[in-house]
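Accompanying notes for the structure given below.
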Amino acid sequence: MKKYQFVLGLLASGLTLVTSCEIDDATSLLTGGQEEKYAIQDKNSGTLSVKEDYKDYVALFEFQDESPEGVESIEFTADGTYHISFDSDVDERDYNASRSSDFSVEVEGQKVVVPMRAVTRSDYPQLRSTGTYTRKDGKYVLMGDYNWEMSDDGTLVITENGSTRRYHATPVARPSISALTDRLCHTWLLQRVLLKLYNDNKLVMTYHLTDEEVREYCVDTFVFTTFGKFKRYAKGENNGNGDWEWKVESDQSLTYWFRYFSDSNPMPVIGTNDLTVYFSNNHLYLTEWCPMLDDNDMKDMKGNPLHFKALLLYQLDVKGN
């Protein structure tokens, strides 16, 4: 598990104390040694430009009884991507494979694990469950690993080794959505992560993860769907199937939850937390408060108790613009 040491006085100097999830226009991300400021005080600024050739074919099919290979559902999104949800997201043939270490920093001589709940990556071998699709003869044709065809009525035809199998799924009614939901529900690629660490509401550290650290510790893709699904991917492999819903849509705050695997728990657990959503043209900014995992009985060099919490800012760019 990596450790990072910082000169706290220098890093904390000149920084604005943040006491809520609101990130004002002074928030900056450090890139290549230069400071870029993003005006995200307006939570919904600019316009989103994204290619959506299959917007009329957005659909979700759920399997009630018999299904192929433990499939729970298949969802088709507007950008021509399919997403398969399984009963078990982890490939149990290699269940004991290694996982990514949790990201940690060192403060006052103490190692502090920063959960980064929404983006922390697991290295458990997970089932590949996404790819592209096309429409042919009124059917969804899955490309890549799956030689499957899905009809609009939910009939799934699988052709393998010259034989054909048929299954039936139930089409889920397409929900009516708000303009805000429509803007959120795309495939987003993680670009940057900014960490602000607090001790009893006092800012003690700010740190921008390097590109290498983002690749090592974080998933690379988020998908929010209009059917309330929240999916995370790392290098094309599933890294947490879940759900999302608006907590207070007028505040652009949402709640997510998903199954994931961690160093501290060998069995799948449910991760849940809140995110605040900001838009700026083709950028999506998410802020998340994360409580520390191991700050019990932690003290600084003077014997004062330490009570850490972290504010994470994630920048993602829309895929397909």
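The values are calculated or read from the model by the stated rules, or taken from the named source; none is laboratory data. As the structure is a computational prediction, the values presented were derived from the model and not from experiment. Here Cβ is always computed from backbone atoms with ideal geometry, including for glycine, and neighbour counts include all displayed protein chains. Remember, those area values only see protein heavy atoms, side chains included, never the ligands or the DNA or RNA. Shrake-Rupley method; radii C 1.70, N 1.55, O 1.52, S 1.80 Å.
Listed values, structure above:
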read-out: Whether the stretch 133-286 is rounded, prolate or oblate, judged on the alpha carbon gyration tensor where a/c under 1.5 counts as rounded; value: prolate
read-out: Selection from Thr210, Leu194, Ala179 lying farthest towards where the dipole of the stretch 169-212 points positive, charges on Cβ; value: Ala179
read-out: Distance (nanometres) between label positions extended 7 Å along Cα→Cβ at Arg166 and Lys51; value: 3.6
read-out: Cα-Cα over 22 Å, subset of Lys55/Lys319; Lys231/Lys319; Lys43/Lys202; Lys55/Lys136; Lys202/Lys247; value: Lys43/Lys202; Lys202/Lys247
read-out: Order by protection proxy (mean Cβ within 10 Å, highest first), peptides 244-254, 202-212; value: 202-212, 244-254
read-out: Cα centre as origin, Lys/Arg/Asp/Glu Cβ charges: the stretch 131-218 dipole, Debye; value: 260
read-out: Relative contact order (%) - the stretch 125-181, alpha-carbon pairs under 8 angstrom, separation at least six; value: 18
read-out: Probe 1.4 Å, protein heavy atoms only - accessible area per residue of the stretch 140-199 in square angstrom; value: 48
read-out: Where a label projected 7 Å from the Cα of Asn304 along Cα→Cβ would reach, residues of the stretch 177-209 with amide N under 13 Å; value: 199-204
read-out: Extreme residue, positive dipole direction of the stretch 101-224, given options Val219, Gly131, Thr159 (C-beta unit charges); value: Thr159
